[in-house]
Amino acid sequence: MPDIRTRFAPSPTGDPHVGNIRTALFTWLFARRHGGKFILRIEDTDQAREVEGSVDAIKESLRWLGLDWDEGPEVGGEYGPYFQSERLDHYQSAAEQLIDSGHAFRFEDERGSALKFAMPNDGSTVVSDVIRGKVEFDNSLIDDFVILKSDGFPTYHLASVVDDHFMRISHVIRGEGWLSSAPRHVLLYDAFGWDPPGFVHVPDILASGGGKLSKRHGAVSVNEYRQLGYLPHALVNFLALLGWSYDDKTELFTSEELIESFSLERVSKSGAIFNLEKLDWMNGHYIRESGDAELTDALLDYWCRYPATELPPEPDRSILLQVVPLIRERLKTLADAAERVPFFFNDDFDYEPDQLIQRKMDGAGTLRALSEAVKVVEAIEPFDGATLESKLRSLVDELDIKVGQLLGTLRVATSGLKVSPPLFESLEILGRERVVRDLNRAIHKLDSTPQ
RNA sequence: GGCGCAUUCGUCUAGCGGCCUAGGACACCGCCCUCUCAAGGCGGAGAUCACGGGUUCGAAUCCCGUAUGCGCUACCA
């Protein structure tokens, strides 16, 4: 194979959509797989649709997912510039070449003077697509199309062909929506006398109904998924499997494995519905796989970027490091952590007194359990999870109640939660002083409640 | 309307003529484990391979129609 050079060429029209980023991922994977170059090019030829900040959002999304580019904005490269708005002279001279060779003609209307490509009125054009094979189009069915707009900017057709040629792109990998306009592109290559690149039209990512993925279906951009607490690698792995598969069973891949395994031949032909439940599962899997320090820092970074109201502005890292093993397997996203850990950092939580009273218990019994528990906790030595467990289990026997009854009460008293991380380990982290205080507060709350 | 692409469990997919009484994963259900919630283990249910014709000894796999979905048919990409 010749030098592999691929490109991701988004228009700066907003926060990049997961569908486009999935295409970028395939494009990147293909380049990396073959030791080629991955180029980022910004297609800003429609000033009206341009959205402020989009280029930063695009770079940020790619960077977060680890899709590094070899040429493009910031890194430069020998085939720049990489913004189409800075390459108008290329399109201009290419257009002139087409006029000279009789392939293009001026066209006037209310908007001014534009340039159109003259379609042949007979014959057909074959597009050779890597995953769909040869697709034939009847030339007479395609109208002459604008290549240079009256504002002096090129249309996508001209700009992408000219850039792909001069940037030595070997494979044009893009969404399947472009297949229908691909014959125009091969005709342009012909008219210029250039060899066309390989065309690869990859399937779309769809919303649950099978339609376009849009805001009404929830998150659509990579940045939104980041904000929802998904890990970059979980998104990468999940997106890689939307429209591509390695075999009949492998689903979990490291980035290195993805690069080693990726091939365009195994990209599917039909659109894939974005299955959020599976992303959740995969994200949970990668959270479970991460080490204590790794997860701790991921959470800290996440909260720093998207502050959680229920947590202190700068949660204590050493506490979180101890908490992480207790919550790791309970998280689907980083966002899930905020609701289960606040009590480790603050004791200002509140709850209704009757939440202390467990099933088939009454106020008096709960009060007795609580005050006995205080005695145990005050005396226990050492104050650690294992000792707490054995002493409190003995207390359960002495009180002749159920384990769940005692622990449920203690859980609410020390965390304010009905569902919390494992109790004994949590108590150890909280420390004796704090636990005694929480239990006494619970006793007081119950005591002052009219039965 | 015309042209193009697509069509396997709810979803992502394996399958590229006999290995398929169609495999895996997520979700779902049940059991086990268990201090809540999870995680984990085990098991279950779930697809007449869109439909109809062919070709073949034999088709989810090849061919032709039909239906449905999507895309193009813009001085948007």
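Please list, ordered by chain and number, the residues whose modelled amide H lies under 5 Å from the amide H of residue A:17; skip anything fewer than 5 residues away on the same chain.
The list, which skips near neighbours in sequence, is empty: none.
Just to be sure I understand: if I project the alpha-carbon convex hull of the stretch A:106-169 onto a plane and average over all orientations, what area do I get in nm²? Provide the component values of the computation, followed by the final result.
Values: hull surface 22.6 nm².
That works out to 5.6 nm², a quarter of the Cα hull's surface.
With label points built 7 Å along Cα→Cβ from the Cα atoms of residue A:70 and residue A:106, find their separation and express it in nm.
Here the modelled spin labels are 4.3 nm apart.
Return the sequence-ordered ³J(HN,Hα) values of the stretch A:142-152 in whole Hz as given by the Karplus equation 6.51 cos²θ - 1.76 cosθ + 1.60 applied to θ = phi - 60°, using x for Gly and Pro.
Listing the rounded values in order: 10, 6, 4, 10, 5, 10, 10, 7, 5, 8, x Hz.
For residue A:441 and residue A:345 in the same chain, what is the full-extension length gain: residue separation times 0.36 nm, less their Cα-Cα distance, in nm? Could the numbers behind the result be given before it?
On the way: separation 96, 0.36 × 96 = 34.56 nm, distance 1.73 nm.
Stretched fully, the residue A:441-residue A:345 segment lengthens by 32.8 nm.
Fewest to most neighbouring Cβ within 10 Å: what's the order for A:204, A:350, A:384? Kindly include the intermediate steps, with their values, before the conclusion.
On the way: A:204 19, A:350 7, A:384 13.
By the 10 Å Cβ count, ascending, the order reads A:350, A:384, A:204.
Fewest to most neighbouring Cβ within 10 Å: what's the order for A:110, A:86, A:428?
On the way: A:110 5, A:86 12, A:428 20.
By the 10 Å Cβ count, ascending, the order reads A:110, A:86, A:428.
Quick check for me: using +1 on Lys/Arg Cβ and -1 on Asp/Glu Cβ, what's the dipole size of chain A about its Cα centre, in debye to the nearest 20? Walk me through the numbers on the way to the answer.
Numbers: 49 positive and 74 negative charges, 212 e Å.
Result for chain A is approximately 1020 debye, rounded to the nearest 20.
Under the Karplus relation 6.51 cos²θ - 1.76 cosθ + 1.60, θ = phi - 60°, what is the ordered set of whole-Hz ³J(HN,Hα) values for the stretch A:380-385, x standing for Gly and Pro?
4, 8, x, 8, 9, x
In terms of Cα to Cα distance under 16 Å, which lysines are near enough to residue A:116, apart from those fewer than 8 places away along the same chain?
Straight-distance partners of residue A:116: A:149.
Hey, with R₀ at 60 Å, roughly what FRET efficiency would residue A:51 and residue A:368 work out to, going by the Cβ-Cβ distance, to 0.05?
On the way: r = 65 Å, r/R0 = 1.08.
Between residue A:51 and residue A:368 the formula returns 0.40.
So how do A:178, A:194 line up by other beta-carbon neighbours within 10 Å, fewest first? Please report the intermediate quantities before stating the final value.
Values: A:178 17, A:194 14.
Lowest count first: A:194, A:178.
Work out from phi, with θ = phi - 60° and the Karplus expression 6.51 cos²θ - 1.76 cosθ + 1.60, the ³J(HN,Hα) of each residue of the stretch A:48-56, listed in order in whole Hz, and give x for Gly and Pro.
For the stretch A:48-56, the Karplus curve yields 5, 8, 5, 10, 3, x, 5, 4, 5 Hz.
Work out, in µm²/s and without decimals, the Stokes-Einstein translational diffusion coefficient of the stretch A:1-136 at 20 °C, 1.002 mPa s, Rh from Kirkwood over C-alpha pairs.
Numbers: Rh = 17.5 Å.
In µm²/s, the coefficient rounds to 122.
Under unit Cβ charges (Lys, Arg +1; Asp, Glu -1), what dipole magnitude, rounded to 20 debye, does the stretch A:105-197 have relative to its Cα centre?
Details: 9 positive and 15 negative charges, 53 e Å.
Taking the Cα centre of the stretch A:105-197 as origin, the dipole is about 260 debye.
Would you calculate, for chain A, the mean residue ellipticity at 222 nm contributed by helices, counting each DSSP H stretch of 4 or more residues as -39,500 (n - 2.57) and dividing by all residues, to the nearest 500? Don't skip to the end; give the middle numbers.
Details: 17 runs with 197 residues, N = 451.
Calculated mean residue ellipticity at 222 nm is -13500 deg cm²/dmol.
With the dipole of the stretch A:335-401 worked out from charges on the C-beta (+1 for Lys and Arg, -1 for Asp and Glu) around the Cα centre, which of A:395, A:358, A:377 lies farthest toward the positive end?
Going by the charge dipole, the pick is A:395.
Taking the Cα centre of the stretch A:293-412 as origin, sum charge times position over the Cβ atoms of Lys and Arg (+1) and Asp and Glu (-1), and report the length of that vector in debye to the nearest 20.
Details: 14 positive and 23 negative charges, 86 e Å.
So the dipole magnitude of the stretch A:293-412 works out to roughly 420 debye.
Once you treat every alpha carbon in chain A as an equal point and sum by Debye, what is log10 I(q)/I(0) at q = 0.13 Å⁻¹?
-1.12
Given bins 10 angstrom wide, list per bin the percent of all Cα-Cα distances in the stretch A:347-397, short to long.
21, 44, 33, 1
Have a look at A:114, A:188, A:177 and report the one farthest towards the positive end of the charge dipole of the stretch A:73-202, computed about the Cα centre with Cβ charges (Lys/Arg +1, Asp/Glu -1).
Comparing the listed Cα positions along the dipole, A:177 ranks first.
List the residues whose amide H sits under 5 Å from the amide H of residue A:212, counting only those 5 or more places along or on another chain, with H placed 1.01 Å from N in the peptide plane.
Residues meeting the amide H criterion: A:207.
Could you give log10 I(q)/I(0) at q = 0.14, 0.23, 0.26 Å⁻¹ for the stretch A:253-314, computed by the Debye formula over C-alpha point scatterers of equal weight, without solvent?
For the stretch A:253-314 at q = 0.14, 0.23, 0.26 Å⁻¹, log10 I(q)/I(0) is -0.68, -1.10, -1.15.
Enumerate the amide H contacts of residue A:11 below 5 Å, restricted to partners 5 or more residues apart or on another chain; note that Pro and chain-start residues carry no placed amide H.
Under 5 Å from the amide H of residue A:11: A:43.
Please report, to one decimal in angstroms, the Kirkwood hydrodynamic radius of the stretch A:338-451 built from all distinct Cα-Cα pairs.
Details: mean 1/r = 0.0721 Å⁻¹.
With all distinct Cα pairs of the stretch A:338-451 included, I get 13.9 Å.
Any read-out appearing in this document is the output of simple, stated calculations on the displayed coordinates, not a laboratory observation. Keep in mind that this is a model prediction, so the values were computed, not measured. All Cβ positions, glycine included, derive from the backbone under ideal geometry; neighbour counts span all protein chains shown.
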